[in-house]
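This report concerns only the one structure given below.
Readers should treat all values here as calculations from the given coordinates under stated rules, not as data from a laboratory. Small disclaimer: the values here were computed from a predicted structure and weren't measured. Cβ: placed from backbone, ideal geometry, glycine included. Neighbour counts: every protein chain shown.
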Amino acid sequence: MNTSIAIEKLGTPRTTGPFSLNTIFANFPERSARKGDTLLKRNHSLGYVFFLTQGMVKTLSFYPEKNKEVVNGYFTAGEMMNLEVWHATNNPKVTLKVTSAKAVYKVIPINDFRALVLQNQGLNQLMMTILLEQINKNNDRLHRLLLYKSRQRVVQFLLDYVNEIGQRVGYEYVIKKPFTHEEIGNLSDTSRQTVTTVLNELKSKNLIHFTRRYILIRNLEALVEESKKEG
């Protein structure tokens, strides 16, 4: 998302035209999970789409060269998860884990979901939009990896993060911090050490303040300017 979008309008359930996903999925069963719970295991066939109504869920992919699963994305409230089962024949290649204190989500069987997509023009258009967004996001990530310095990628992650889930408090913005420095490094294609160094630098400039529980953005405009600096 563009940093000019009003923070207070973000984090609400996605809407397209005259309908909301909350309304479309209202009659499907709702479940809850706690931090660390696994909603989906890599290579495990599961014929459901999830609609996240509360909390945050991270995605992890397996990297054979590291012999470990690494965080490479996340979902926030208002987003659908495990959409691969809608258009792919292979088992999901990612693991979904709850990263917030609590997550609440709807469970939609894939056959019911496909029927809804066929019946609802707005939902059909949204699915096309989401697929395009995924392509654009991958292109943006590749662009940053090729052209941005590691410091810029960390700052840009903060800007993306505040646009996704930030809450405005006066002239400042608060974002909960369910990711470790290592996970932020994975998401920004840098190292844990780089993340720690950049966050401490921004803190010393009084642009942010952070604890294990949250990050406070004190000056969003100044942070945007920091993202343009190479080092």
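Annotations for the structure displayed:
- Extended-chain gain in nm, criterion 0.36 nm per residue less alpha-carbon gap, Thr23 and Thr196: 58.1 nm
- Once the Cα-Cα distance is subtracted from the 0.36 nm per residue extended length, the Thr180 to Leu118 segment shows a gain of 18.3 nm.
- Folded to 0 to 90 degrees: helix 150-165 orientation relative to the chain principal axis, Cα: 50 degrees
- The range 26-86-the range 161-199 distance, computed between alpha-carbon centres (Å): 20 Å
- Counting 0.36 nm for each residue step from Asn136 to Glu84 and taking away their Cα separation leaves a gain of 17.0 nm.
- Under-5 Å amide H pairs with Ala77, H placed in peptide plane, nonlocal only: Gly55
- The fraction of Cα-Cα pairs per 10 angstrom bin, counted from 0 for the range 148-226, comes to 20, 60, 20, 0 percent, rounded to whole percents.
- Using the Cβ-Cβ distance between Tyr171 and Ser204 with R0 set to 22 Å, the FRET efficiency from 1/(1 + (r/R0)^6) comes to roughly 0.65.
- With at most 12 other Cβ atoms within 10 Å, longest stretch of the chain clear of loop GluC sites (Glu not before Pro) (DSSP): 66-229
- Value of relative contact order over the chain, rounded to a whole percent, pairs C-alpha under 8 Å and six or more apart: 22 percent
- Descending principal axes extents, the chain, alpha-carbon based, whole Å: 53, 44, 32
- Anisotropy class assigned to the range 7-143 is rounded, per the alpha carbon gyration tensor with a/c under the 1.5 cut-off.
- Acute angle (nearest 10 degrees) that the helix 110-119 long axis makes with the longest principal axis of the chain, alpha-carbon atoms: 90 degrees
- Backbone N under 19 Å from the Tyr214 label point (7 Å along Cα→Cβ), restricted to the range 151-169: 158-169
- Beyond 19 Å in Cα-Cα separation lie the following of the pairs Lys66/Lys137; Lys66/Lys176; Lys68/Lys149; Lys97/Lys137; Lys205/Lys228: Lys66/Lys137; Lys66/Lys176; Lys68/Lys149; Lys97/Lys137.
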